[in-house]
Amino acid sequence: MIRKVQPEDAQEIVDIYNYYVKNTIVTFDNIPFTTEAFKTKIETVSKSFPFIVFEENNKILGYAYANKWREKPAYKNTVESTVYLHYEAQGKQIGTKLYAELLAQLKKENYHVIVGGLTLPNEASVKLHEKFGFKQVAHFKEVGYKFNKWLDVGFWQLTL
């Protein structure tokens, strides 16, 4: 089931995220979050934006949220989206279900543009975004450095 995030979900969510921090290039964070730090993030983000989880058999298998794109007031109708899945839950359409619900909530709240920032290469995330009609609008070369490797970042945009 998909439901609104709760602060008590922080431990399961941080476990999902920290796997990517420690093992992949999909996030540029390189120091794992503490549960308390992620609980604060959940509380802060969910006050203003949709933040949802996919739960099955009392286990969180993924989460998605929107957050502020930029600080300046003219950007108030644009958000950046984030989706992460438990590494063992990939390929089960959970990301698709989460993204569909997140986009529906954002549309209901009258957001105009959704931006997804992706470390490249990342075929699964590119496919997920393009499935929902996102179009690539930027490709920055070698802007990140992790695991002794220069990394590209692409931005995908969807106008609701």
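Within region 1-26, residues that are farther than 15 Å from residue 82 by Cα have Cβ atoms under 7 Å from residues that are assigned to a helix (DSSP H, G or I) and open to solvent by 60 Å² or more (accessible area, probe 1.4 Å) in these pairs: 2/97; 2/101; 7/39; 7/43; 10/39; 19/87, counting only partners at least 6 apart in sequence or on another chain. Restricting the first member to region 129-141 and to residues that are without any contact (Cβ under 8 Å) to a residue 24 or more places away in the chain, and the second to residues that are surrounded by 13 or more Cβ atoms within 10 Å (Cβ to Cβ) and part of a helix (DSSP H, G or I), the beta-carbon pairs closer than 9 Å and six or more apart or on different chains are 135/129; 136/126; 136/129; 136/130.
This table checks each residue for (1) among the hydroxyl-bearing types (Ser, Thr, Tyr); (2) farther than 30 Å from residue 152 by Cβ; (3) at pLDDT 95 or above.
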position: 2; (1), (2), (3): no, yes, yes
position: 27; (1), (2), (3): yes, no, yes
position: 32; (1), (2), (3): no, no, yes
position: 36; (1), (2), (3): no, yes, yes
position: 40; (1), (2), (3): yes, yes, yes
position: 45; (1), (2), (3): no, no, yes
position: 51; (1), (2), (3): no, no, yes
position: 54; (1), (2), (3): no, no, yes
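Does region 29-44 contain any residue that is more than 21 Å from residue 95 (Cα to Cα), open to solvent by 90 Å² or more (accessible area, probe 1.4 Å) and of a type in the set (A, V, I, L, M)? Scanning region 29-44 turns up at least one residue that is more than 21 Å from residue 95 (Cα to Cα), open to solvent by 90 Å² or more (accessible area, probe 1.4 Å) and of a type in the set (A, V, I, L, M). For region 104-120, the set of residues classified as without any contact (Cβ under 8 Å) to a residue 40 or more places away in the chain and either open to solvent by 100 Å² or more (accessible area, probe 1.4 Å) or in contact with an Asp or Glu (Cβ under 7 Å, 6 or more places away or on another chain) (or both) consists of 108, 110, 117, 120, listed by residue number.
Is one or more of the residues making up region 61-73 over 14 Å from the mean Cα position of the chain (by Cα) and open to solvent by less than 60 Å² (accessible area, probe 1.4 Å)? Among the residues of region 61-73, not one is over 14 Å from the mean Cα position of the chain (by Cα) and open to solvent by less than 60 Å² (accessible area, probe 1.4 Å), which makes the answer no. Among the residues of region 1-25, those identified as out of contact with any His (no Cβ under 9 Å at 6 or more places or on another chain), of a type outside the set (Lys, Arg) and assigned to a helix (DSSP H, G or I) are 7, 8, 9, 10, 11, 13, 14, 17, 18, 20, 21, 23.
Filtered by the rule that a residue be hydroxyl-bearing (Ser, Thr, Tyr) and under 12 Å from the mean Cα position of the chain (by Cα), region 21-55 gives a lone residue, 27. Quick check on region 45-59: of everything there that is without any contact (Cβ under 8 Å) to a residue 40 or more places away in the chain and under 18 Å from residue 106 (Cα atoms), which residue is surrounded by the most Cβ atoms within 10 Å (Cβ to Cβ)? Looking at the filtered set, the residue picked out is 49.
Residue count for region 124-150 under the criterion of being surrounded by 15 or more Cβ atoms within 10 Å (Cβ to Cβ) and closer than 24 Å to residue 112 by Cα: the result is 7.
Scanning region 74-99 for residues that are in contact (Cβ under 8 Å) with a residue 40 or more places away in the chain and not aromatic (Phe, Trp, Tyr) returns 83, 85, 86, 94, 97, 98.
The values are calculated or read from the model by the stated rules, or taken from the named source; none is laboratory data. Small disclaimer: the values here were computed from a predicted structure and weren't measured. Cβ coordinates were reconstructed from backbone atoms using ideal geometry, including for glycine residues, and neighbour counts include every protein chain displayed. Protein only, heavy atoms only, side chains kept; ligands, DNA and RNA dropped before computing areas. Shrake-Rupley method; radii C 1.70, N 1.55, O 1.52, S 1.80 Å.
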